[in-house]
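The values are calculated or read from the model by the stated rules, or taken from the named source; none is laboratory data. Predicted model, so just to flag it, every value in this text is computed and none were measured. Using ideal geometry, Cβ is built from the backbone for each residue, glycine included, and neighbour counts are taken over all protein chains shown.
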Protein chains: 2
Amino acid sequence: MLHAVIMAGGSGTRFWPVSRKRQPKQLLPITGAKAMLAETVDRLDGLIPPERTWVVTHALQADGVRKICPGLPADNILIEPCARNTAACIGLAAALIQKKDPSATLAVLPADHLIAPARDFRTSLEAGAEIASEEGVLVTFGVPPTYPATGYGYIQRGESVGAFHGLQAFEVRSFKEKPNETKAEEFLADGNYAWNSGIFVWRADSILNAIEMHMPQLRKGLQTIQDAGDSLAEVVEDIYPTLESVPVDIGILERADKVRVLETPYHWSDVGSWKALFDESKKDENNNAGVFPDGGQLLAEKSTGVLAYSGTPQTIAVLGLDDVVVVHTKDAILVARRDASEDVKKIVDSLKENDQQELL
Amino acid sequence: MLHAVIMAGGSGTRFWPVSRKRQPKQLLPITGAKAMLAETVDRLDGLIPPERTWVVTHALQADGVRKICPGLPADNILIEPCARNTAACIGLAAALIQKKDPSATLAVLPADHLIAPARDFRTSLEAGAEIASEEGVLVTFGVPPTYPATGYGYIQRGESVGAFHGLQAFEVRSFKEKPNETKAEEFLADGNYAWNSGIFVWRADSILNAIEMHMPQLRKGLQTIQDAGDSLAEVVEDIYPTLESVPVDIGILERADKVRVLETPYHWSDVGSWKALFDESKKDENNNAGVFPDGGQLLAEKSTGVLAYSGTPQTIAVLGLDDVVVVHTKDAILVARRDASEDVKKIVDSLKENDQQELL
């Protein structure tokens, strides 16, 4: 059976001041009326029911996840006692789901991506599940690049392995880290590179075997968790902090043999910054975007290229300024040059230095 | 006796979103911990007591004035049923004060100017009162210009009339409207021009006689008000809207004979815009100014020349932007290029067009 494993552990600082430790991006309505996690769950509707939908999150955020996903069984919310990166997160989910459903196939999904239309996404999951039905095959979702992005990793495709539900799939020749601009332009021109969207499909046994082969220590820890009975929570609490902290791409996918890339047909963004949200938002005739999930207005005079965001109703007036981001929350406001919005981490760092916990 | 007539009727839109119809600039703590009107009253301490301090304001703002000036006798708050500019406002106060104190001398003070130190201001009022003790003399306060300001009117001085309390006084040769930059530089270089600060001292009988001579219709209306008995409020309500609406400079001072200008010794600004507030505020080592009368902080990264203002505790973070103004209120935020902050009226106009009364 096809299960969804939604990774919702990120404590993104890149959407400060809206995102906070207890309210990271995935729990917020950044791109629509609902929290991004809720939209991720909704996107599965008709393909993967709640009882086969799992959310892996951090203890600090578990309450938020439960509120946002009231339809999920309580046991389907898996708590990481601490962040140990994606290999451990995915391994934990695979180990626990496999106990309930030994033949489980897992669609591994970040909780905070923008994907549309949902129908095309579900078709891609079906295609991915079909490819992953072969023992040991690990499927990655590669997004055809539309511009020379330097903010994404890339997947270089090799030989075709055929079409599935109308979508092309390929062997993977290599994974590439986030490139510089020249490299990114080469990748785009080459035509054989796709953005690594961090979305994967594989059988629980395939990924656990791959972990066994390439990260045996991790597999050992997961086995202890898998063997835990009633004391599962305590065992996870004990073992999880000791696991290796490595991204699944680096720890497993770059080393594994039977890795495939599926060419996705939908629009995708990881919405990794306020700048990216501007890029994804509807603009008015002056190229200004007001994003107000709960109401509000942007009044722009002699200004273009503005993104205004508030999660609560608010009037944001911008006068004589181009290419700025204005973000309102009840206790903090961010005003940034749009291209500098990825540096918001510097603000967060200075709050940490001053120990202003209430703003983190 | 010397009385103070504080003109607090302005419904400034230039400090939107902080200033609103019911909360204009003079009722707000723009330059210090107290409302500008309260600081104007405090500045008189030791020279003019509350029983001789009068505030002229608009009905909409009367409650605000009473809250801010709890020490003033209720009768000393004079209500304009509508705005009729400074000649009528000053005339109303003169007419009513003269009834109580026929030999009254009036110091006419805008409620929303920044003046320091207060001691030097009081010395100037004493000097002004001495000059104005001569029948018919109208004294204006001229501030020696420190830069070629285009936002102020100018007073050209004539012959010296001597020194009073150590301050020089002159006859007035002419009044000049707000100049363009070239003119302003000429005025500065010339040395005989002072900024018209809109602060005046005269005997009640002198100004009423001057009104009689130069605006006889206004004097007639004021006489009706002066003659009203118990029905004063109704008479004002009836008459005031019919009065000519003209600034006292244009209606009286430019035409009168015995006008003097006193050279003031203190620092003065009319704080007419957010830009002016920046100019008047304390900057940090990066030339950024955070103004938070009730607490708050500005976090500026890679930014200079920023003014951040909030009347309620708030964190304002600015990233990668120079020379901007960020103003926070509970329901509206303004972000403006600092030099464009005088155009905030355009935002207010668009709110009026959309009939967004709650933001006006």
Fill in the blank from the handout: The one condition B:ALA256 fails out of (1) modelled with pLDDT under 95; (2) within 26 Å of B:SER174 (Cα to Cα); (3) among the aliphatic types (A, V, I, L, M) is (1)
Completion exercise
Flagged in the range A:143-192 as assigned to a strand (DSSP E or B), in contact (Cβ under 8 Å) with a residue 24 or more places away in the chain, in contact with a Lys or Arg (Cβ under 7 Å, 6 or more places away or on another chain) and of a type outside the set (S, T, N, Q), in numbering order, are A:TYR154, A:ARG157, A:VAL161, A:ALA169, A:PHE170, A:GLU171, A:VAL172
Fill in the blank from the handout: Residue count, the range B:159-184, condition under 24 Å from B:ILE115 (Cα atoms) and in contact with a Pro (Cβ under 9 Å, 6 or more places away or on another chain), comes to 4
Fill in the blank from the handout: Checked against (1) closer than 22 Å to A:ALA129 by Cα; (2) buried (at least 22 other Cβ atoms within 10 Å of the Cβ), A:ASP42 satisfies every condition except (2)
Practice task
Any chance you could count how many residues in the range B:326-349 are under 18 Å from B:SER273 (Cα atoms) and either part of a loop (DSSP other than H, G, I, E, B) or facing another protein chain (nearest Cβ under 8 Å) (or both)?
Solution key: 16
Practice task
Scan (1) surrounded by fewer than 18 Cβ atoms within 10 Å (Cβ to Cβ); (2) more than 14 Å from chain B (Cβ to nearest Cβ) for the single condition A:ASN354 breaks and write down its number.
Solution key: (2)
Exercise for the section: Starting from the range A:111-137, keep only residues that are in the same structural domain as A:ILE48 (by TED's automatic domain parsing) and surrounded by fewer than 17 Cβ atoms within 10 Å (Cβ to Cβ), then list their pairs with residues that are part of a helix (DSSP H, G or I) and among the hydroxyl-bearing types (Ser, Thr, Tyr) whose Cβ atoms are within a distance under 7 Å, requiring at least 6 positions of separation or different chains. Expected result: A:GLU135/A:SER206
Fill in the blank from the handout: All conditions in (1) over 20 Å from A:LEU321 (Cα atoms); (2) at pLDDT below 95 are true of B:ALA340 except (1)
Exercise for the section: Go through the range A:1-21 and count every residue that is part of a strand (DSSP E or B) and either at pLDDT 95 or above or closer than 29 Å to A:LEU125 by Cα (or both). Expected result: 6
Exercise for the section: Would you check if B:THR53 is among the hydroxyl-bearing types (Ser, Thr, Tyr), closer than 29 Å to B:GLY251 by Cα, modelled with pLDDT of 95 or more and within 14 Å of the chain's Cα centre (by Cα)? Expected result: no
Fill in the blank from the handout: Of all strands (runs of 3 or more DSSP E) fully inside the range B:228-325, the set with 1 or more residues that are more than 23 Å from the chain's Cα centre (by Cα), buried (at least 19 other Cβ atoms within 10 Å of the Cβ) and more than 14 Å from every other protein chain (Cβ to nearest Cβ) is B:289-291
